[in-house]
Amino acid sequence: MDANLHIRMSKELKELFQQIAKENNKDASSLVRDWISSYVAEHQKSDENLAADLYLVGYELQQAIGGREKVSKEFAQRLQEYSLTNQKEFTDLLISTYLDLNLTIPSIVSKTSKGFAFSQMFLLGLLGDKPKGK
């Protein structure tokens, strides 16, 4: 193992957890590691699902702006430039756009900073057609 996780809990809960784990022939640390691994596996999105969700969020912003014809070329060009050169600026521009439009910022927007492919999927949704099945 190469990292530790420190958590706070009551002394009583810790002692009860360790006692019950011991009664079940389990190591408390391995139980916590197993729970964390299961949680991550259940909640971690694949890159493909993440890209599809970003496309949808981009499309929803397009609709909030008033449709594809209302998305300014200058805005789209700035996003395209930032997606190629500076993912943080791309995400910052999106966040300020949501704020300017008084819209709730979808948490997935932060994932555009993960890289070019993710910012491009958002941009494609912003300029593209309605996703199939949505």
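Some observations on this one:
- Each peptide in 90-97, 60-67, 21-28 receives the mean, over its residues, of other Cβ atoms within 10 Å, and ordering these scores from highest gives 90-97, 60-67, 21-28.
- For the chain, lysine pairs separated by 8 or more sequence positions, or belonging to different chains, with Cα-Cα distances below 16 Å total 7.
- For the chain, the longest principal axis of the C-alpha atoms and the axis of helix 116-127 are separated by about 50°.
- Length-normalised contact order of the chain in % [C-alpha pairs under 8 Å, at least 6 apart]: 33
- Helix 87-100 vs. the chain, principal-axis angle (Cα, 0 to 90°, nearest 10): 70
- Sites residue 81 and residue 132, calculated FRET efficiency, Cβ-Cβ separation with R0 41 Å, nearest 0.05: 0.90
- Between the helical axis of 73-85 and the longest alpha-carbon principal axis of the chain there is an angle of about 40 degrees.
- Build a GNM of the chain with springs between Cα atoms under 10 Å apart, and of 123, 99, 54 the one that fluctuates most is 99.
- GNM flexibility winner over the chain from 89, 48, 15 (Cα, springs under 10 Å): 15
- Our estimate of slack between residue 32 and residue 8, defined as 0.36 nm per intervening residue step minus the Cα-Cα distance, is 7.3 nm.
- Summary of the geometry: region 101-130 and region 52-95, compared by the centres of their Cα atoms, lie 6 Å apart.
Only the coordinates and a few stated rules stand behind these numbers; no lab work does. Everything numeric here is computed off the predicted structure, so don't read it as measured data. Note: ideal-geometry Cβ built from the backbone for every residue, glycine included; neighbour counts use all protein chains shown.
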